[in-house]
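One structure is given below, encoded as structure tokens.
The values are calculated or read from the model by the stated rules, or taken from the named source; none is laboratory data. Owing to the predicted nature of the structure, the values given are computational and were not obtained by experimental measurement. Note that each Cβ is placed from the backbone with ideal geometry, even for glycine, and that neighbours are counted across all protein chains shown. Areas reflect the complete protein model, heavy atoms only, side chains present, ligands, DNA and RNA absent. Shrake-Rupley method; radii C 1.70, N 1.55, O 1.52, S 1.80 Å.
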Amino acid sequence: MPIEKRWVVKPQGDSEAVAKLAAVLRISPVLANLLVQRGIDTVEKADKFFKPSLADLHDPFLMKDMEKAVERVEQAVANQEKIMVYGDYDVDGCTAVALVYKFLRQIGHKNLMFYIPDRYTEGYGVSIKGIDYAAENGFSLMLITDCGIKAVEKVKYANSRQVDIIICDHHTPGDTLPEAIAVLDPQRPDCPYPYKWLSGCGVSFKLVQAHSLKHNLPMSELYKLLDLLCVSIASDIVPITGENRILAYFGLQQLNSNPSLGLKTIIKISGIDKEITINDIVFRIGPRINAAGRVESGRKSVELLTADEKCSAAGIASDINTFNDQRKKLDHDITEEAIRHINQSELEPSKKTTVLFNANWHKGVIGIVASRLTESFYRPTIILTESNGLATGSARSVEGFDLYYAISQCSEFLENYGGHKYAAGLTLKIENIEPFKQKFERIVRETIDDEMLTPQINIDAKIKLTDITPDLYHMLQKFAPFGPNNTIPVFMTEKVTNFIGTKRVGRNNEHLKLVIVDDTRACNDRSGIGFGMGHLYDKVNSGGFFDICYTLQENEFMGKNDIQMIVKDIRLREE
């Protein structure tokens, strides 16, 4: 049975700002309130929100070390030095590598290669093997993307081998920065760059934007790379606000109108035959790019993203689709095994954490498994497997809880760890798993609020069914692209009741097709779909009142368009 959820209605926006926006923009107070909740509390901000412009991108030279980075790239290009573009094996890393590689190729640089470390033999981040390859093959410059900010010793090693390093990262730095030629990272405490939440590919884009500006290169050519950047923004779950929203907005346009050959091939093989949204990237495009690094090598994904030949692109895409199918099976099988273990354990239900180790679990999918178990049991979760004689794993948190802090408090048992509040990676000796597990449970138990262990639905506004109009829906579409910090609005309607037509649907009657009216009965009935809510049919059909929270979606059926509710939860009323 699904876990009961906690409904939290967001505070309403400042009433004066809401009234002013509603009047000047001629929109409903519901829409004006949604804007103010998002910090868009003036007409000027609303104008920029609804009309994103590439002219509003920040000057890349505001980023610390940008001048140094551009000068070193200029020198390498002018002297036809051998450049290695190096990046992580996830979507953000692969798109960053592809973007920089394509740009350098675009401006005519030929002494070029890309390098993606092997997840299993080299691990995350900058590898000694990668540096050695560069040094032994005459690469005098490594452009490192989406990693490197903590690679202090590795950069020292590269320097000793006469390989210059430029880092383009977006992760939180440690106490000491690497001694690279340039370290581009808006998270640096001394970096004045005004927008802090770029993806790794976003930081790489700022480097090539700076180079383009300095050399008066046509921006139209640069903006052709925004399809890659948009894929990274969506897949890396960075906030879709400010500069990221502008980049995602125009990246989606590029993705829908004229995507690069590699992305076009992925779109086709994913079966997407409509306008592509952020959701399509997160659930269909991104996982296929990720699958290569999880199952075989992320290099395959970069080969596809940089392909300029139709036949080779089709072949690589087919391989990647196969990897994705393998990934899905591994993910499903390991998740099922982990759930069985938890359900059979007498101790597990009383715990505030899940920490599981199995030496045979596939390293490439344990992050996904950790996410799925967090959704199922809703507590901080760590999944570990064996790699190179050590236990290595991925950790995921619940909303509001600082997982990284909890792991850091157990550092005496760890060889290595890194990450942020909601996700982390860690490595430890196998004999330290049990003591780590015990201390991690104690730290979480001492620091977590019990209400954090109940999934939370954040509700933007309470509305009546009469508020759901075509005008409201079409205006909501202008809030897109949706993502973190600009989520699809969730509405709540109180005291609704079943109307004629509610039924269970799906192969096993697992879903609930709703037809409801509210207590005013002053409007036509509204329909909705509650996925996985078939078990509520008898209660909903009993004739009593209930509250409902949902998002809105346009549904086309038999040539007729209708606005339907995508139900997130139903709460039966006491009366």
Of all residues making up the range 501-515, the number that are on the phi < 0 side of the Ramachandran plot and without any contact (Cβ under 8 Å) to a residue 40 or more places away in the chain: 10
Considering only residues that are in contact (Cβ under 8 Å) with a residue 40 or more places away in the chain and out of contact with any strand residue (DSSP E or B) (no Cβ under 8 Å at 6 or more places or on another chain), look in the range 60-78 and name the one that is most open to solvent (accessible area, probe 1.4 Å). Leu62
Considering residues of the range 336-367 that are in a helix (DSSP H, G or I) and under 23 Å from Tyr89 (Cα atoms) only, the residue farthest from the chain's Cα centre (by Cα): Lys363
How many residues are in a loop (DSSP other than H, G, I, E, B) and open to solvent by less than 20 Å² (accessible area, probe 1.4 Å) if we restrict to the range 36-51? 1
Here are the criteria: (1) at positive phi; (2) open to solvent by 30 Å² or more (accessible area, probe 1.4 Å); (3) modelled with pLDDT under 95. Tell me which single one Gly138 does not satisfy. (3)
I'm trying to understand the selection: among the residues of the range 41-59, which are within 25 Å of the chain's Cα centre (by Cα) and polar (S, T, N, Q)? Ser53
Would you say Val100 is modelled with pLDDT of 95 or more, surrounded by 19 or more Cβ atoms within 10 Å (Cβ to Cβ) and out of contact with any Gly (no Cβ under 9 Å at 6 or more places or on another chain)? no
For the range 291-316, what are the residues that are open to solvent by 30 Å² or more (accessible area, probe 1.4 Å), closer than 17 Å to Leu228 by Cβ and either small (Gly, Ala, Ser) or assigned to a helix (DSSP H, G or I) (or both)? Arg299, Lys300, Glu303
Against the definition (in a loop (DSSP other than H, G, I, E, B) and either more than 24 Å from the chain's Cα centre (by Cα) or free of Cβ contacts under 8 Å to residues at least 40 places away in the same chain (or both)), how does Pro11 come out, yes or no? yes
Residue count, the range 368-402 (criterion: crowded, with 19+ Cβ neighbours inside 10 Å and assigned to a helix (DSSP H, G or I)): 7
Answer yes or no: is there a residue in the range 212-223 that is out of contact with any Leu (no Cβ under 7 Å at 6 or more places or on another chain), open to solvent by less than 10 Å² (accessible area, probe 1.4 Å), assigned to a helix (DSSP H, G or I) and of a type in the set (Ser, Thr, Tyr). no
Test Glu494 against the stated conditions and say whether it is closer than 30 Å to Leu35 by Cβ, over 24 Å from the mean Cα position of the chain (by Cα) and surrounded by 12 or more Cβ atoms within 10 Å (Cβ to Cβ). yes
May I ask you to list pairs of residues, at least six apart or on different chains, whose Cβ atoms are under 6 Å apart, with the first in the range 299-320 being within 24 Å of Pro117 (Cβ to Cβ) and the second being among the hydroxyl-bearing types (Ser, Thr, Tyr)? Thr306/Tyr101; Ala313/Thr265; Ala317/Thr265
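Conditions tested, residue by residue: (1) assigned to a helix (DSSP H, G or I); (2) open to solvent by 20 Å² or more (accessible area, probe 1.4 Å); (3) aromatic (Phe, Trp, Tyr).
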site: Tyr133; (1), (2), (3): yes, yes, yes
site: Gln162; (1), (2), (3): no, yes, no
site: Asp175; (1), (2), (3): no, yes, no
site: Pro186; (1), (2), (3): no, no, no
site: Cys191; (1), (2), (3): no, no, no
site: Pro194; (1), (2), (3): no, yes, no
site: Cys201; (1), (2), (3): yes, no, no
site: Leu228; (1), (2), (3): yes, no, no
So, in the range 403-446, of the ones that are part of a helix (DSSP H, G or I) and of a type in the set (Asp, Glu), which residue ends up surrounded by the most Cβ atoms within 10 Å (Cβ to Cβ)? Glu441
